[in-house]
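Below: one structure, written as structure tokens.
The values are calculated or read from the model by the stated rules, or taken from the named source; none is laboratory data. Here the structure is a predicted model, which is why all the values come from computation and not from measurement. As a convention, Cβ positions derive from the backbone with ideal geometry for all residues, glycine included, and neighbour counts pool all protein chains shown.
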Amino acid sequence: MLDRKANRMASSLRFIGSGNAFCPPGRFHSCVVLDETVLIDAPPTILPQLHAAGISSAAITDLMITHWHGDHVFGLPFLLLERRFITDRDGVERLRIHLKASGVERMKSICELAFPGTLLPVIEERVEWVVNDVGEVGQWSYERFPVFHTPATEPHGYMLRDSNGFTLLHTGDSGPCETIDQRRPEADAVILEMGVPDGAEFPHHHRPTDIARVAEADSKRTFLITHSYASGAGVPIGFKMPALPPNAIQVEDGQKYHLEPGNVTLDD
Ligand SMILES: [Zn+2]
Ligand SMILES: [Zn+2]
């Protein structure tokens, strides 16, 4: 009997940015693309980030938003602008934007502030707002859940499961919290932010010691560390990358990972 499952394509996860809000040297703002089509967050420099990855803005079918900080959403006007005037002039493609309902007016405001009079009609014609806390993107189903970050930004993470059964826990921006701990045991891989160095007192972010504690206690799981305060590998200026347990991988801009149940491999 044909094993239909074996014929399914493994999912992919591409980091087109891995830095925190300050864009440390060698890193763009944190951002991932699933299966080359689903964006999680849209940083201000989303266009150069997509260009560097060789992904057309018109190929993005879905944008999932974690919270309202500028390093996560200020790229939306540029994404829509490039689709409208360069990559999808005929308006063939629709963009589904997944977010809390309270963010719809906020996203429209950002677009109107950025390009007055231009983008609201584009949104009207080409954007579909998806506000439920459970849904689907491509071959993934997801659940959105609250995390621990600046409350005014309505911070959330996403628990995503693909058709092969791979489970990805994307925790957005968050300090350590119960809602992440509850979901972690079910995940094949966990994307965690490391926004501040040790010694800093910002409970809404993970520090290296927080990452080390969770990764050491859960040594079989892969932790992909992004939204980093540290400079990119080999960059001589800025904060140095800290030492972390081997299952806590400090990702670099441009890296692409293949995702199969129980297995996360770097494409090189
Ligand atoms: Zn951030
Ligand atoms: Zn944030």
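All conditions in (1) within 21 Å of the chain's Cα centre (by Cα); (2) modelled with pLDDT under 95 hold for G254, with the sole exception of (2). If you check G26, G54, G19 for being of a type in the set (G, A, S) and closer than 20 Å to P155 by Cβ, only one passes: G19.
Does I86 satisfy the condition of being closer than 29 Å to L169 by Cβ, at pLDDT 95 or above and out of contact with any Cys (no Cβ under 6 Å at 6 or more places or on another chain)? Judged against the criteria, I86 is not a match. Looking at the stretch 198-219, can you tell me whether even one residue there is touching a helix residue (DSSP H, G or I) at 6+ places or on another chain (Cβ under 7 Å) and either among the hydroxyl-bearing types (S, T, Y) or within 16 Å of ligand 2 (Cβ to nearest atom) (or both)? No, every residue in the stretch 198-219 fails to be touching a helix residue (DSSP H, G or I) at 6+ places or on another chain (Cβ under 7 Å) and either among the hydroxyl-bearing types (S, T, Y) or within 16 Å of ligand 2 (Cβ to nearest atom) (or both). Yes or no: L168 within 23 Å of H205 (Cα to Cα), of a type in the set (A, V, I, L, M) and in contact with an Asp or Glu (Cβ under 8 Å, 6 or more places away or on another chain)? It is true that L168 is within 23 Å of H205 (Cα to Cα), of a type in the set (A, V, I, L, M) and in contact with an Asp or Glu (Cβ under 8 Å, 6 or more places away or on another chain). Taken over the stretch 141-163, the residue count meeting the criterion of being more than 25 Å from S11 (Cα to Cα) and without any contact (Cβ under 8 Å) to a residue 24 or more places away in the chain is 1.
Taking the stretch 194-232 as the range and being among the hydrophobic types (A, V, I, L, M, F, W, C) and either in contact with an Asp or Glu (Cβ under 6 Å, 6 or more places away or on another chain) or part of a loop (DSSP other than H, G, I, E, B) (or both) as the test, the residues that pass are M194, V196, A200, F202, A217, A230. The sole residue among D188, D173, D181 that is touching a Gly at 6+ places or on another chain (Cβ under 7 Å) and more than 16 Å from ligand 2 (Cβ to nearest atom) is D188. Taking the stretch 170-220 as the range and being at pLDDT 95 or above and among the basic types (K, R) as the test, the residues that pass are R183, R184, R207, R213.
Among the residues in the stretch 27-41, are any more than 12 Å from the chain's Cα centre (by Cα), in contact (Cβ under 8 Å) with a residue 12 or more places away in the chain, surrounded by 15 or more Cβ atoms within 10 Å (Cβ to Cβ) and within 16 Å of ligand 1 (Cβ to nearest atom)? The answer is yes; a qualifying residue exists.
Once the stretch 171-197 is narrowed to residues that are buried (at least 24 other Cβ atoms within 10 Å of the Cβ) and among the hydroxyl-bearing types (S, T, Y), the residue that is nearest to ligand 1 (Cβ to nearest atom) is S174. Would you mind stating whether I46 is in contact with a helix residue (DSSP H, G or I) (Cβ under 8 Å, 6 or more places away or on another chain) and surrounded by 22 or more Cβ atoms within 10 Å (Cβ to Cβ)? So I46 fits the description; yes.
In the set (1) within 15 Å of ligand 2 (Cβ to nearest atom); (2) among the aliphatic types (A, V, I, L, M); (3) surrounded by 22 or more Cβ atoms within 10 Å (Cβ to Cβ), L168 fails one condition alone, (1). The helices (runs of 4 or more DSSP H) found wholly in the stretch 53-161 and carrying at least 1 residues that are surrounded by fewer than 22 Cβ atoms within 10 Å (Cβ to Cβ) and within 16 Å of ligand 2 (Cβ to nearest atom) occupy 70-73, 103-114.
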